[in-house]
Amino acid sequence: PSRRVLRDLAAVRDTAAALTGLHSGTVEVATMPSPGIEPLTTLIHRFAELHPSVTVSTHAAFTPDEVLSLVRRGACELGLLGSAAPVHPTGLDVLHVEDQPFVVVAAPGEAIEDDVTIRPEDLAGQKLIASRTGSLMRHIVDDITAGGTDTQIVTVVDHRTSILPLVLTGVGVAVLPSAWTRLARRCGAVVAPIEPTAHLHVAMVSLPAHLTPAARAFLALTESLARRRARDA
C-alpha cells in the first residue's frame, strides 16, 4: 500500500509538471524475456523519440504471475507478459498487444532453411536447447521430443539470453516465440516457421488508478502499436 501512496504522490507531481508536456520522469515496466525483446524494443524506441527526457526502467519477470504481482504491489506501473492463453486478472486492465507464433532458430548450415515452414517431425535427430519445465516454450519442446522423432534436449537454460548464443555456436536448435526473429537473423541465424504451433499471447497490464502521466503515455503508445499489428495480421 505504501508503494501505491508514493506512486499517487508522484502522479500528482508529474501531472502538474506535465501540463506543458512530458519533460521528466520514469516509466517502470515489468517484462518477461520474449516480450522484452519484442514488442518492448519497438515501444521503447518510439517512446524515446516522442519523450526523450523520460526514462523507461524495466524489471525482469519470468512468469505471468510474477508480472501481475509486480503491478499489483505497485513495484511497476505497467507489465508486459506472454502467456499460453489470454489472461483475465482481477482488478487489472489488460491490453492485448499481439499473438506470437513459435519458430525454430538454428545456426546457418543446418538442415533447416530460412523462412521455409517445417513440421515437428522435420526436427528428427536434432539437438534441442530448452527452458525449464513450466514455460510454453518448454511444453512445445516436450511435445516434439515425445513424438518419437529421435530429438534430444541437449541443454536446459534459465536465462533466455543464453539461448541465441548457444544456437549460433552450434550447440543445438531452439524453439522460440517469433519476437526473436529479427534479432536472430541479424546475428546470422536461420529462422523457420513451425506448423502446427501454439501462440504466445502478449498483453500489457496496468492498475489504471495508479498511472503517472508518463505511464499513461507509454500505455497509449502500446495501444497504438496493438491496433497497427491487428491491422497487419
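Give the accessible surface of the chain per residue, rounded to a whole number of Å², with probe radius 1.4 Å and ligands, DNA and RNA excluded. Walk me through the intermediate numbers first.
Working: 11380 Å² over 233 residues.
Ligands and nucleic acids excluded, the figure is 49 Å² per residue.
Output the relative contact order of the chain, whole-number percent, from Cα pairs under 8 angstrom with separation of 6+ residues.
Here the relative contact order equals 32 percent.
First compute the accessible area of the chain with a 1.4 Å probe, then give the percent of it belonging to carbon and sulfur atoms.
54 percent
Rounded to the nearest 10 Å², what accessible area does Arg185 have for a 1.4 Å probe in the complete protein model?
Here the residue's solvent-accessible area equals roughly 100 Å².
Counting only protein chains, not ligands or nucleic acids, how are His59, His210 ordered by accessible area (probe 1.4 Å), most first?
Most to least solvent-accessible, the answer reads His59, His210.
What span do the alpha-carbon atoms of the range 103-224 cover on each of the three principal axes, reported in whole Å from largest to smallest?
52, 29, 25
Let me check I've understood the local charge: for Leu225, count other residues with C-beta under 14 angstrom from its C-beta, Lys and Arg +1, Asp and Glu -1. What total comes out?
-1
Can you give the FRET efficiency to the nearest 0.05 for Glu121 and Ile153, using r as the Cβ-Cβ distance and R₀ = 22 Å? Can you show the working numbers first?
Numbers: r = 17 Å, r/R0 = 0.76.
Plugging the Cβ-Cβ distance into 1/(1 + (r/R0)^6) gives 0.85.
Kindly state, to the nearest 0.05, the FRET efficiency for Glu223 paired with Ser24, given R0 = 30 Å and r defined as their beta-carbon distance. The partial results should precede the final answer.
On the way: r = 23 Å, r/R0 = 0.77.
The calculated FRET efficiency here is 0.85.
Any idea what Rg and Dmax come out to for the range 152-214 if you just take the C-alpha atoms, in Å?
Expressed in Å, the Cα Rg and Dmax of the range 152-214 come to 16.3, 49.
Which three extents, in angstrom, do the Cα atoms of the chain have along their principal axes, listed largest first?
Extents along the principal axes, in whole Å: 62, 32, 31.
Would you please state which residues of the range 127-143 a label at Ala60 would reach in this model, taking the label point 7 Å out along Cα→Cβ and a backbone N cut-off of under 16 Å?
131-132
Using R₀ = 45 Å, calculate the FRET efficiency as 1/(1 + (r/R₀)^6) where r is the Cβ-Cβ separation of Ala111 and His45; round to 0.05.
So, using R0 = 45 Å, E works out to roughly 0.80.
The values are calculated or read from the model by the stated rules, or taken from the named source; none is laboratory data. Everything quoted here is computed from the prediction, not taken from an experiment. Glycine also receives a Cβ, built like all others from the backbone with ideal geometry; neighbour counts cover every protein chain displayed. We work out accessible area using only protein heavy atoms, side chains counted, and drop any ligands, DNA or RNA first. Shrake-Rupley method; radii C 1.70, N 1.55, O 1.52, S 1.80 Å.
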